[in-house]
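Chemist: Below: one structure in structure tokens.
The values are calculated or read from the model by the stated rules, or taken from the named source; none is laboratory data. Given the structure is predicted, the values throughout are model-derived calculations rather than measurements. We place every Cβ from the backbone using ideal geometry, glycine too, and count neighbours over all the protein chains shown.
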Amino acid sequence: MADTVTFRLNDKNVTVPKGWTVMQAAKQEKVDIPHFCWHPGLSVAGVCRFCMVHVQGARKLEIACNLQATEGMVVRTDTPEVKEAHKWGLEFHLINHPLDCPVCDQAGECGLQDFYMEVGKYPSQMTRPKVLKPKAVDLGPRLILDTERCILCSRCVRFEEEVTKTNALGIFDRGDRAIIGTYGEEKIAHNYQENLVDICPVGAFTSKKFRFKQRVWFLQEKSTICPGCSTGCKIQVHARTDRRTYYRVKPQTDEAVNGFWMCDKGRDTITHLNRESRLPQAQMMIEGKKQTVPVPQALNSLQRAIAAAGAQHTALLVSAHYTVEEYQAFFDYFCTQLGVKTIYQWRGDKEDRDAFDGILWRGDENPNTAGLLASLSQIQGRKVEARNELVACVAQDPKVLIALCPEVPFTSTWFQGDLAKLEGISHVSLWTCRYEATEAAGITSWIPMKGFAEKTGHFLNYQGAKRELEEAFPSAAASALSVVEAVQQLALPQPSVTL
Amino acid sequence: MDTFAPDLQEKIQSELTRYETPRSAILPVLHLIQDYYEWIQPDHVAWLERDFGLSRVHVQEVATFYSMYRLEPCKPFRILFCDNLVCAMMGAEKVMDKIRDHIGSFPEGKCPFSLQGVPCLGVCDGAPAMLVNKDRHLKVNRDNVDAILASYKV
């Protein structure tokens, strides 16, 4: 009993752990308290003065973010005084705000806009000209800062202090001249820059990559897992399904793994999914010429090649970029049903698997190493260690090779070089989503694969924790398949496709 | 010289241990530096980070927040003009405009004066009041200010 407190929030009794603030309790109870500077992943600053609540018996309104809930406290978030405080608070924040919403990327997901519609909707009483400040400041490879839009909530300053511990940002000068910035001309260089864009409640920080690309209200969001490394951050991919184009990645809160953040590398994991870098349809070498063919035809020819060569001359080369479900379907079909015995792992030679940057990023840049090893151990009946077995695979000289190619280009820069080493094998079927793979010589067929955002399933991260790819977009390449779907097609009775 | 003078270093060090965190000592440390070198130079901020472990951003935040820290080299004559209520009522604003004109009349880079508005100088009976370095001038007005300034020559 002593570890919790019960207090009244609006018309409801709320019990929370001792030490919680009213803001945390309200968040849990889904009571909306408008705020700018408070963020669940950062310390309490109490500078925006916007999360005002009425506490029975208190002389004045209190800020919910810094108000510890105590036994028997009676809190209301909807009194006329609170509404009045919001109105004036908002007017104060808007005094020098440029109101350039029509050209601002934040429009549609902006705290100022949202709260103005909720609690504002009054004409400004300011008649004096607004203070002008530096605009479009280049603060780093991924960041643009507009100091006029900034409301000085200090979230970014605290992020730099508390999360990356780089202390790169500060609030300089004071009063209406105060601006956020770095020391001198310094740039922010760490791998977590775009989190600043995420936590900025207004459009002060914008992402260089996403800037002016798309209005946020046209974007659809799907929950999935970042395929950039073995941490397995929970993310949200934002895309336009009508254009089949992926625009950005944002972290989703997952206290156990990534908290509120993700790294910048992870934000780039959607680039290869867009049409310009995608393998759109199956391709095959027919009489020395590369031709686009229907997927069933390419799979059919693979099947006949396996039948001709025999399972003992067939090998599988598998990267750790696919889901556990896909590995299981893949091994079920090729190993259990067809009797293929030789499976090789395909990874980078130079990877530093145990590297860790102290925040999120890990040196094992394959999202599902643990899942692949578990599936391999199961099918081979012995414990399998992670290693690159490409050399052994080539040395065995199989007649047919089915290769599950790595998906994310920047974590598998060795991919193109490795493809050249497969040249001597008579039938190589590449299962890949990357168009660049079609440039390789000596490949027999290319099967278009779905990307991570286009399939459901799960990865096992570095701890072996299950990371669920919850939702899937329709594929940007119409005929792309997941490994599960491809195997299902292979297992179907032979369609009568004539070559 | 690429660090503070040894005697100043000692003083800075003793300030840094006076408070719970070194960050709390930024204010007095900056005063020490300003008293020693007349103004706070970018190098000084860098040295504070390198030699004393104070974040440059934290130091610069403090230095830019308070108006009494000088972040530019001093002119030979620093005018501190009271812009508080009583002096304002006695026309300080207009006299300051006149001083700005005076400053503007020098060729670029040749002006020996700097002008800063300050709160009360404690001589409201002599409003409007100003200090030029350590000299006190009372009842400064549009007519006599040019003559006062003209008496200061480099």
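Chemist: So which residues in the range B:120-140 are surrounded by 12 or more Cβ atoms within 10 Å (Cβ to Cβ) and within 14 Å of B:V86 (Cα to Cα), if there are any at all?
Modeler: Once the filter is applied, which keeps residues that are surrounded by 12 or more Cβ atoms within 10 Å (Cβ to Cβ) and within 14 Å of B:V86 (Cα to Cα), the range B:120-140 yields B:C120, B:L121, B:V123, B:C124, B:G126, B:A127, B:P128, B:A129, B:M130, B:L138, B:K139, B:V140.
Chemist: Answer yes if at least one residue in the range A:126-143 is in contact with a Pro (Cβ under 7 Å, 6 or more places away or on another chain) and within 14 Å of chain B (Cβ to nearest Cβ), and no otherwise.
Modeler: Checked the range A:126-143: no residue is in contact with a Pro (Cβ under 7 Å, 6 or more places away or on another chain) and within 14 Å of chain B (Cβ to nearest Cβ).
Chemist: Got a sec? Which of A:C393, A:C405 is under 18 Å from A:S230 (Cα atoms) and in the same structural domain as A:A305 (by TED's automatic domain parsing)?
Modeler: Values: A:C393 fails: under 18 Å from A:S230 (Cα atoms).
Result: A:C405 is the single residue among A:C393, A:C405 that is under 18 Å from A:S230 (Cα atoms) and in the same structural domain as A:A305 (by TED's automatic domain parsing).
Chemist: Now a separate question. Does A:S207 meet the test of being closer than 30 Å to A:T147 by Cα and of a type in the set (G, A, S)? Break it down stepwise before answering.
Modeler: Details: closer than 30 Å to A:T147 by Cα: yes; of a type in the set (G, A, S): yes.
Answer is yes for this residue.
Chemist: Continuing with the same structure: Kindly check whether there is at least one residue in the range B:112-120 that is more than 17 Å from the chain's Cα centre (by Cα), under 26 Å from B:Y37 (Cα atoms) and not acidic (D, E).
Modeler: No: the range B:112-120 contains no residue that is more than 17 Å from the chain's Cα centre (by Cα), under 26 Å from B:Y37 (Cα atoms) and not acidic (D, E).
Chemist: Those residues that are among the hydrophobic types (A, V, I, L, M, F, W, C), farther than 23 Å from A:Q283 by Cβ and in a helix (DSSP H, G or I), I need them from the range A:297-328; list them, please.
Modeler: Correct list: A:A311, A:V324.
Chemist: Please enumerate the residues belonging to the range A:178-195 that are within 14 Å of chain B (Cβ to nearest Cβ) and among the acidic types (D, E).
Modeler: Passing the criteria: A:E185, A:E186.
Chemist: For a quick check of your reading of the model, give me the residue pairs whose first member lies in the range B:50-63 and is assigned by TED's automatic domain parsing to the domain that holds B:L16 and within 18 Å of B:Q13 (Cβ to Cβ), whose second is assigned to a loop (DSSP other than H, G, I, E, B) and of a type in the set (A, V, I, L, M, F, W, C), with beta-carbon atoms closer than 8 Å and at least 6 apart or on different chains.
Modeler: Final answer for the pair search is B:D51/B:F4.
Chemist: Could you tell me whether A:A478 is of a type in the set (G, A, S), surrounded by fewer than 20 Cβ atoms within 10 Å (Cβ to Cβ) and within 20 Å of A:Q291 (Cα to Cα)?
Modeler: Values: of a type in the set (G, A, S): yes; surrounded by fewer than 20 Cβ atoms within 10 Å (Cβ to Cβ): yes; within 20 Å of A:Q291 (Cα to Cα): yes.
When the stated conditions are applied, A:A478 passes them.
Chemist: Is it the case that the range A:145-163 has a residue that's part of a strand (DSSP E or B) and surrounded by fewer than 20 Cβ atoms within 10 Å (Cβ to Cβ)?
Modeler: First, the residues of the range A:145-163 that are part of a strand (DSSP E or B): A:145.
Checking the rest, the ones that are also surrounded by fewer than 20 Cβ atoms within 10 Å (Cβ to Cβ) come to none.
No, the conditions are met nowhere in the range A:145-163.
Chemist: When the residues of the range A:400-417 are narrowed to those that are surrounded by 24 or more Cβ atoms within 10 Å (Cβ to Cβ) and not hydrophobic (A, V, I, L, M, F, W, C), which ends up nearest to A:R267 (Cα to Cα)?
Modeler: A:E407
Chemist: Moving on. Residue under question is A:V157, and the condition is that it be closer than 14 Å to A:G203 by Cβ, modelled with pLDDT of 95 or more, not assigned by TED's automatic domain parsing to the domain that holds A:D357 and not charged (D, E, K, R); does it hold?
Modeler: It is false that A:V157 is closer than 14 Å to A:G203 by Cβ, modelled with pLDDT of 95 or more, not assigned by TED's automatic domain parsing to the domain that holds A:D357 and not charged (D, E, K, R).
Chemist: With the requirement that a residue be within 22 Å of A:N368 (Cα to Cα) and either of a type in the set (D, E) or in a helix (DSSP H, G or I) (or both), what does the range A:418-445 give you?
Modeler: The answer is A:D418, A:L419, A:A437.
Chemist: Here is a follow-up. Can you report the number of residues in the range B:85-96 which are closer than 24 Å to A:D176 by Cβ and either within 14 Å of another protein chain (Cβ to nearest Cβ) or touching a helix residue (DSSP H, G or I) at 6+ places or on another chain (Cβ under 8 Å) (or both)?
Modeler: Qualifying residue count for the region: 1.
Chemist: Residue check: is A:A168 assigned to a loop (DSSP other than H, G, I, E, B), surrounded by 18 or more Cβ atoms within 10 Å (Cβ to Cβ) and not assigned by TED's automatic domain parsing to the domain that holds A:K83? Working first, answer last.
Modeler: Working: assigned to a loop (DSSP other than H, G, I, E, B): yes; surrounded by 18 or more Cβ atoms within 10 Å (Cβ to Cβ): yes; not assigned by TED's automatic domain parsing to the domain that holds A:K83: yes.
It is true that A:A168 is assigned to a loop (DSSP other than H, G, I, E, B), surrounded by 18 or more Cβ atoms within 10 Å (Cβ to Cβ) and not assigned by TED's automatic domain parsing to the domain that holds A:K83.
Chemist: Out of (1) within 29 Å of A:Q378 (Cα to Cα); (2) in contact with a helix residue (DSSP H, G or I) (Cβ under 9 Å, 6 or more places away or on another chain); (3) surrounded by fewer than 23 Cβ atoms within 10 Å (Cβ to Cβ), the odd one out for A:K290 is which?
Modeler: Condition (1) is where A:K290 drops out.
Chemist: Right, something else. So if I check each of A:D332, A:D364, A:D352, A:D397, which one is under 30 Å from A:V163 (Cβ atoms) and surrounded by fewer than 23 Cβ atoms within 10 Å (Cβ to Cβ)? Working first, answer last.
Modeler: On the way: A:D332 fails: under 30 Å from A:V163 (Cβ atoms); A:D364 fails: surrounded by fewer than 23 Cβ atoms within 10 Å (Cβ to Cβ); A:D397 fails: under 30 Å from A:V163 (Cβ atoms).
From the options A:D332, A:D364, A:D352, A:D397, the qualifying one is A:D352.
Chemist: Output the residues belonging to the range A:81-100 that are buried (at least 17 other Cβ atoms within 10 Å of the Cβ) and in a helix (DSSP H, G or I).
Modeler: Listed by number, the residues that qualify are A:V82, A:A85, A:H86, A:G89, A:L90, A:H93, A:L94.
Chemist: Quick one: in the range B:93-116, of everything that is touching a residue at least 40 places away in the same chain (Cβ under 8 Å) and not polar (S, T, N, Q), which residue is farthest from B:H44 (Cα to Cα)?
Modeler: Looking at residues that are touching a residue at least 40 places away in the same chain (Cβ under 8 Å) and not polar (S, T, N, Q), I get B:K94.
Chemist: While we're looking at this one, here's another question. Every residue in the range B:117-144 that is free of Cβ contacts under 8 Å to residues at least 12 places away in the same chain and touching a strand residue (DSSP E or B) at 6+ places or on another chain (Cβ under 7 Å), please.
Modeler: B:H137
Chemist: Please go through the range B:23-43 and pick out each residue that is surrounded by fewer than 21 Cβ atoms within 10 Å (Cβ to Cβ) and within 13 Å of chain A (Cβ to nearest Cβ).
Modeler: B:R23, B:Q41, B:P42, B:D43
Chemist: Out of (1) within 13 Å of chain B (Cβ to nearest Cβ); (2) of a type outside the set (D, E); (3) surrounded by 19 or more Cβ atoms within 10 Å (Cβ to Cβ), the odd one out for A:V237 is which?
Modeler: It is condition (1) that A:V237 fails.
Chemist: Determine, yes or no, whether A:L152 is modelled with pLDDT of 95 or more and either at negative phi or facing chain B (nearest Cβ under 10 Å) (or both).
Modeler: Details: modelled with pLDDT of 95 or more: yes; either at negative phi or facing chain B (nearest Cβ under 10 Å) (or both): no.
Here the answer is no, as A:L152 does not meet what is asked.
Chemist: Within the range A:236-251, is there a residue that is of a type in the set (S, T, N, Q), within 18 Å of A:G358 (Cα to Cα) and in contact (Cβ under 8 Å) with a residue 60 or more places away in the chain?
Modeler: So far as the range A:236-251 goes, no, none of its residues is of a type in the set (S, T, N, Q), within 18 Å of A:G358 (Cα to Cα) and in contact (Cβ under 8 Å) with a residue 60 or more places away in the chain.
Chemist: Next up: Test A:Y192 against the stated conditions and say whether it is touching a Cys at 6+ places or on another chain (Cβ under 8 Å), outside any strand (DSSP E or B) and not assigned by TED's automatic domain parsing to the domain that holds A:E351.
Modeler: Yes, satisfied.
Chemist: Right, next: Filter the range B:50-76 for residues that are within 13 Å of chain A (Cβ to nearest Cβ) and buried (at least 17 other Cβ atoms within 10 Å of the Cβ) and give the result.
Modeler: Those that are within 13 Å of chain A (Cβ to nearest Cβ) and buried (at least 17 other Cβ atoms within 10 Å of the Cβ): B:L54, B:S55, B:R56, B:V57, B:H58, B:V59, B:Q60, B:E61, B:V62, B:A63, B:T64.
Chemist: I need every pair where a residue in the range A:165-177 that is at the interface with chain B (Cβ under 7 Å from one of its Cβ atoms) has its Cβ under 7 Å from the Cβ of a residue that is polar (S, T, N, Q) and assigned to a loop (DSSP other than H, G, I, E, B), sequence separation at least 6 or different chains.
Modeler: If the second residue must be polar (S, T, N, Q) and assigned to a loop (DSSP other than H, G, I, E, B), the pairs left are A:N167/B:S55; A:A168/A:T182; A:L169/A:T182; A:I171/A:S154.
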